[in-house]
1. Count, please, the residues in segment 67-106 that happen to be open to solvent by 60 Å² or more (accessible area, probe 1.4 Å) and of a type in the set (Ser, Thr, Tyr).
2. Specify which of the listed residues (Phe132, Phe97) is farther than 26 Å from Gly376 by Cα, out of contact with any helix residue (DSSP H, G or I) (no Cβ under 6 Å at 6 or more places or on another chain) and in a helix (DSSP H, G or I).
3. Only residues that are open to solvent by 30 Å² or more (accessible area, probe 1.4 Å) and either free of Cβ contacts under 8 Å to residues at least 60 places away in the same chain or charged (D, E, K, R) (or both): list them for segment 382-416, please.
4. Based on what the data block shows, is Arg379 open to solvent by 20 Å² or more (accessible area, probe 1.4 Å) and under 15 Å from the mean Cα position of the chain (by Cα)?
5. Only one of Ala286, Ala267 is farther than 25 Å from Ala139 by Cβ, outside any loop (DSSP other than H, G, I, E, B), open to solvent by 30 Å² or more (accessible area, probe 1.4 Å) and not charged (D, E, K, R); which?
6. Output the residue which, of all residues in segment 10-24 that are open to solvent by less than 50 Å² (accessible area, probe 1.4 Å), among the small types (Gly, Ala, Ser) and outside any strand (DSSP E or B), is modelled with the highest pLDDT.
7. Could you please let me know if Glu216 is open to solvent by 40 Å² or more (accessible area, probe 1.4 Å) and free of Cβ contacts under 8 Å to residues at least 40 places away in the same chain?
8. Any idea which residue in segment 312-329 is nearest to Phe401 (Cα to Cα), counting only those that are of a type outside the set (Val, Ile, Thr) and open to solvent by less than 10 Å² (accessible area, probe 1.4 Å)?
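The values are calculated or read from the model by the stated rules, or taken from the named source; none is laboratory data. Keep in mind that what you see is a predicted model, and the values were worked out from it rather than measured. Positions of Cβ are generated from backbone atoms using ideal geometry, with glycine treated the same way; all protein chains shown enter the neighbour counts. When the accessible area is computed, the model is the full protein with side chains, heavy atoms only, and any ligands, DNA or RNA have been set aside. Shrake-Rupley method; radii C 1.70, N 1.55, O 1.52, S 1.80 Å.
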Amino acid sequence: MTDLSPAWRRWRGGRLATLSDAPGTPAYGWIPDGEILTHGDRIAWVGPADEADAACRALLPPHAPCDTQDLYGALVTPGLIDAHTHLVYAGSRAHEFELRLQGASYEDIARAGGGIRSTVAATRAASEDTLFALAAARARQLMAEGVTTVEVKSGYGLSADDEARCLRVARRLARELPLTVRTTSLAAHALPPEYEGRADDYIDAVCRWLPAWHAEGLVDAVDAFCERIAFSPAQTERVFQAARALGLPVKLHAEQLSDSGGAALAARHGALSCDHLEHLSDDGIAAMARAGTVALLLPGAYYFLRDSTLPPVAALRRAGVPMAIATDHNPGSSPTLSLPLMLNMACTLFRLTPEEALAGPTRHAARALGLHASHGQLRAGHVADFALWDAAHPRELAYRFGERLCRGVVRAGEPVGANASS
């Protein structure tokens, strides 16, 4: 008979940055000569190499086969988690980049019919297969730099059918790629042209659409853009109430262009994360700290829009608010597909330490997606997602910007990508 029990694998010869938050763990969760024992898609044990034989004797059933994989001195981290992306869209906004350099502001462009609305038009005109092909190509670029989990937002359809198409494309990414995908409805992203001057009516429509998308299994969370060029706090709260009535967690694009009080609003609804936060107030920080809401920093958008107001990193640090890092990949304000580059930007622009930066797309990003019990750390019981790097120490991942350091990834216990075990 064929043995269908989960495979045991022993991963030897790695420099491990576990990013564990267990008490007494050294910086980075650093184990300079470590091993990982996996059983199927889960980590069974992590620790120093000189303790691995005893761990295997204790954990493996008698005579159970165990495949040994040599990591050849690679730096091993948890698989990276990109917790804020807009991967599903068509079209380009390179011309808007040019306009901004000629003096137009992000808000000027949006009010003139550009910005999100131009991407909505291109996305609505594209077929579902085209949207999938474009999104899959972007996802593969993220994966090539160590990403094993990604959040994908809708928000470029802005109609019941087109938003559902975008969410279905995101679900298809998870089926056809070795990638964990969390989907977020961002229908409250911008006002579509057919609702011009009727923002409240559009919010009513979004609240009506959510139950159907939820029933179809398309939505893991609900987001909104609470800003003067998007939706008011009162309109955002209506979306949150509809989401919470369905048992869906919420998150928010908050305080990017102004302090609208969105972070405090989101925190009152137990938001998983508030994202951007350049104009976050002390009251917003306190509310997020009380709620356990993650501050999701997006240095790519800050850089690309040439912003000059820094998110209040020192105050977030003092308040104990976890700080995640993501690409915010989108066509208008952060077209990057390099999460490691965001680590460098988080350090150089926002003054995070390299250790804080690496915690950003690992354990804190997992919390921002509601996955902290299973992802984002190399520890027993977590999913066996890890990335292999040509680096001697984890601080190099933030330091060596512009280099392709990822050797490959292991996802759910299986090697993926070039040279995953050589």
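1. Of the residues in segment 67-106, 3 are open to solvent by 60 Å² or more (accessible area, probe 1.4 Å) and of a type in the set (Ser, Thr, Tyr).
2. Phe97
3. The answer is Asp390, Arg395, Glu396, Tyr399, Arg400, Glu403, Arg404, Arg407, Arg411, Glu414.
4. Details: open to solvent by 20 Å² or more (accessible area, probe 1.4 Å): yes; under 15 Å from the mean Cα position of the chain (by Cα): no.
No: the conditions fail for Arg379.
5. Values: Ala267 fails: open to solvent by 30 Å² or more (accessible area, probe 1.4 Å).
Going through Ala286, Ala267 in turn, just one is farther than 25 Å from Ala139 by Cβ, outside any loop (DSSP other than H, G, I, E, B), open to solvent by 30 Å² or more (accessible area, probe 1.4 Å) and not charged (D, E, K, R): Ala286.
6. Taking segment 10-24 and keeping what is open to solvent by less than 50 Å² (accessible area, probe 1.4 Å), we get 10-11, 13-14, 16-20, 22.
Imposing the further condition that a residue be among the small types (Gly, Ala, Ser) reduces the set to 13-14, 17, 20, 22.
After this cut, where a residue has to be outside any strand (DSSP E or B) as well, the list is 20, 22.
Numbers: Ser20: 97, Ala22: 93.
Taking the candidates together, the pick is Ser20.
7. On the way: open to solvent by 40 Å² or more (accessible area, probe 1.4 Å): yes; free of Cβ contacts under 8 Å to residues at least 40 places away in the same chain: no.
Criteria not met by Glu216.
8. Taking segment 312-329 as the starting set, the residues that turn out to be of a type outside the set (Val, Ile, Thr) are 312, 314-320, 322-324, 326, 328-329.
Going one step further and asking which of them are open to solvent by less than 10 Å² (accessible area, probe 1.4 Å), we end up with 316, 324, 326, 328-329.
Numbers: Leu316: 25, Ala324: 18, Ala326: 15, Asp328: 18, His329: 18 Å.
Per the criteria, the residue is Ala326.
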